[in-house]
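Undergrad: For reference, the structure I am asking about is given below.
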Amino acid sequence: MNEKATYSLNILVGIFFFIFYITIVNAILNQDILSFPFVILTIYFFISIFTLTPVSTELGEKTKDWNPIIASYSMIVAYLISPIWVLIKSFKN
């Protein structure tokens, strides 16, 4: 798969996870995503949409030989930790 298709697919997955977060907060928790405690998570998960691509590529390479069940959750983990991962990598370089 070429780089542009991978980037587009990661953006779509990130948007899906973001919509899933909004659905959980609005429908299940009955809270507004722009109220105080949730606005921080909303900003964090919005940033995760764009930082998912480099992290998912690196995490996918590291987990490709692991148990299939663990490797299948690597995209969710990549979405959750991608802003922190990119921040740490940028400070190391």
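Undergrad: Just wondering, is there one or more residues in the range 60-78 that are surrounded by 16 or more Cβ atoms within 10 Å (Cβ to Cβ) and either at pLDDT 90 or above or in contact with a Leu (Cβ under 6 Å, 6 or more places away or on another chain) (or both)? Let's see the steps before the verdict.
TA: Going residue by residue through the range 60-78, those that are surrounded by 16 or more Cβ atoms within 10 Å (Cβ to Cβ) are 63, 74-75, 78.
So of that shortlist, the ones also either at pLDDT 90 or above or in contact with a Leu (Cβ under 6 Å, 6 or more places away or on another chain) (or both) come out as 74, 78.
Yes, some residue in the range 60-78 is surrounded by 16 or more Cβ atoms within 10 Å (Cβ to Cβ) and either at pLDDT 90 or above or in contact with a Leu (Cβ under 6 Å, 6 or more places away or on another chain) (or both).
Undergrad: Suppose we filter Ile49, Ile24, Ile19, Ile43 for residues that are over 17 Å from Ile84 (Cβ atoms) and within 14 Å of the chain's Cα centre (by Cα); which single one remains?
TA: On the way: Ile49 fails: over 17 Å from Ile84 (Cβ atoms); Ile24 fails: within 14 Å of the chain's Cα centre (by Cα); Ile43 fails: over 17 Å from Ile84 (Cβ atoms).
After applying the criteria, what remains is Ile19.
Undergrad: Let me ask something additional. Considering only residues that are in a helix (DSSP H, G or I) and among the charged types (D, E, K, R), look in the range 1-41 and name the one that is nearest to Glu58 (Cα to Cα). Walk me through it before giving the result.
TA: Within the range 1-41, the first condition is being in a helix (DSSP H, G or I), and the residues that meet it are 3-28, 36-41.
Those still in the list that are among the charged types (D, E, K, R) too: 3-4.
Working: Glu3: 14, Lys4: 16 Å.
Here the answer is Glu3.
Undergrad: Conditions: (1) at pLDDT below 90; (2) surrounded by 12 or more Cβ atoms within 10 Å (Cβ to Cβ). Lys4 meets all but one. Number of the miss?
TA: (2)
Undergrad: A further question follows. From the list Ile24, Ile49, which one is of a type in the set (A, V, I, L, M, F, W, C) and either surrounded by fewer than 17 Cβ atoms within 10 Å (Cβ to Cβ) or touching a residue at least 60 places away in the same chain (Cβ under 8 Å) (or both)?
TA: From the options Ile24, Ile49, the qualifying one is Ile24.
Undergrad: Here's another thing I want to ask about it. Determine, yes or no, whether Phe18 is out of contact with any helix residue (DSSP H, G or I) (no Cβ under 8 Å at 6 or more places or on another chain), over 22 Å from Ser90 (Cα atoms) and of a type in the set (A, V, I, L, M, F, W, C). If you could, list the steps in order and put the result at the bottom.
TA: On the way: out of contact with any helix residue (DSSP H, G or I) (no Cβ under 8 Å at 6 or more places or on another chain): no; over 22 Å from Ser90 (Cα atoms): yes; of a type in the set (A, V, I, L, M, F, W, C): yes.
No; evaluated as a whole, the condition is false for this residue.
The values are calculated or read from the model by the stated rules, or taken from the named source; none is laboratory data. Model, not experiment: these values are computed from the prediction. Cβ: placed from backbone, ideal geometry, glycine included. Neighbour counts: every protein chain shown.
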